[in-house]
1. With θ set to phi - 60°, apply the Karplus curve 6.51 cos²θ - 1.76 cosθ + 1.60 along the range 100-105 and write out the HN-Hα couplings as whole Hz, x wherever there is a Gly or Pro.
2. Defining a contact as two alpha carbons under 8 Å apart and six or more residues distant in sequence, what relative contact order in percent does the chain show?
3. Would you kindly state how much longer the chain becomes between Gln89 and Thr46 on full extension, computed as 0.36 nm times their sequence separation minus their alpha carbon distance, in nm to one decimal?
4. Using modelled backbone amide H atoms (1.01 Å from N, in-plane), which distant-in-sequence or interchain residues come within less than 5 Å of Gln94's amide H?
5. Can you work out the PRE-style zone for Thr64? Point 7 Å along Cα to Cβ, and I want the residues of the range 17-46 with backbone N under 15 Å.
6. I need the trypsin sites (Lys or Arg not before Pro) found in the range 53-95, filtered to DSSP loop residues with at most 12 other beta carbons within 10 Å of theirs.
7. Would you please give the residues with an amide H less than 5 Å from that of Trp54, counting only those at least 5 places away or on a separate chain, with H modeled from the backbone geometry?
8. Apply the a/c threshold of 1.5 to the C-alpha gyration tensor of the range 40-128 and tell me whether it is rounded, prolate or oblate.
Amino acid sequence: MNEPQKIIILGTRVFAEEVADLLSECEGYELGLFCENWERARCDQTLLERPIVWVDDLARYAKTHKALCAIYTTKRSLFTEQVENMGFQFASLQHPTCRVSPTCKIGAGTILSVGSIVASHTSLGRHV
């Protein structure tokens, strides 16, 4: 059996908890920690019993973890680009109840939640 892929969730608010919940129901993944880039004091806490790391201290995990962005802002690309420049790859997450056509393309960092249906020849970009 393969080792589960360790995941860092970028974000520490409600959507980060939702993504962690989805991740727990998907085989082959393991939640490692969360990353914060807005409120440094949150790094003194834990979230769902996992550490919260400040973004500037994240690079040391690039070889052992993949990332998923779980923030709502339209400026999330600033966060994902910063993390990608540290050498991170982004996982794509598909809940087991999804129906995804084999002819569609799913970009890195895309999250498909419970019951999602992605029709044939659909193309979803990065971080959808």
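1. Ordered by residue, 3J(HN,Hα) equals 10, 4, x, 8, 8, 10 Hz.
2. Numbers: 246 pairs, mean separation 27.6, N = 128.
22 percent.
3. Numbers: separation 43, 0.36 × 43 = 15.48 nm, distance 2.37 nm.
Stretched out fully, the Gln89 to Thr46 stretch lengthens by 13.1 nm.
4. Distant-sequence amide H within range of Gln94: Leu112.
5. 30-34
6. Working: sites: Arg60, Lys63, Lys66, Lys75, Arg76; in loops: Lys63, Lys75.
The qualifying sites are Lys63, Lys75.
7. HN-HN under 5 Å from Trp54: Glu36.
8. On the way: a/c = 2.32, a/b = 1.84, b/c = 1.26.
Note, shape of the range 40-128 comes out prolate.
The values are calculated or read from the model by the stated rules, or taken from the named source; none is laboratory data. These figures come from a predicted structure and were not determined experimentally. Cβ atoms come from the backbone with ideal geometry, glycine included; neighbour counts cover every protein chain shown. Note: accessible area is taken over every heavy atom of the protein model, side chains too, but ligands, DNA and RNA are not part of it. Shrake-Rupley method; radii C 1.70, N 1.55, O 1.52, S 1.80 Å.
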